[in-house]
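Structure record follows, encoded as structure tokens.
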Amino acid sequence: MLNNGWRRKDSFHGKGNGQGQGRQRGRFFRHFPILLPGEQGHLSDLLIGQRAKVLALHSANPALKRHLLDMGITPGVEILVKKRAPLGDPIDIELRGYELCIRKVDMENIDIEVLG
């Protein structure tokens, strides 16, 4: 499993004669479903270009929750996923007219609803 939500599948597929024909190796597959408009999930589940509305923040650490609120991530705000780092962490999001890079583990504490 890679850090950005993808897992590498190293097994061979397809039919072949042992010469490598019909085989695939090293393909990447997502280990979680892609969220469609109207569905709910975590901010870390979104793909690049998807928009979402924040529903709630939940964290066992009150300092982290306060920090997210201070950065403008409040219930009802619209967020757009702009880009991801090569290994998937951190993720660049746009909200309230500015861009913010946030760690994936912090994004898992934010419940969202995907917008169309």
**Asked** Given q = 0.25 Å⁻¹, what are the Debye log10 I(q)/I(0) values for region 34-101, with equal point scatterers placed on the Cα positions and solvent ignored?
**Response** -1.29
**Message:** Quick one: 3J(HN,Hα) in Hz for region 64-78, Karplus 6.51/-1.76/1.60 with θ = phi - 60°, rounded, Gly and Pro as x.
**Reply:** 5, 4, 5, 5, 5, 5, 5, 7, x, 8, 10, x, x, 6, 8
**Request:** Enumerate lysine pairs in region 35-115 that are 8 or more residues apart or on different chains, then count those whose Cα atoms are under 16 Å apart.
**Result:** 4
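Could you give the length gained on full extension between Arg96 and Leu80, defined as 0.36 nm per residue of separation minus the Cα-Cα distance, in nm? Please report the intermediate quantities before stating the final value.
Working: separation 16, 0.36 × 16 = 5.76 nm, distance 1.00 nm.
My answer for the length gained is 4.8 nm.
The numbers here are math on the coordinates, done by the rules we state, and not lab data. Since the model is a prediction, treat every value here as computed from it, not as a measurement.
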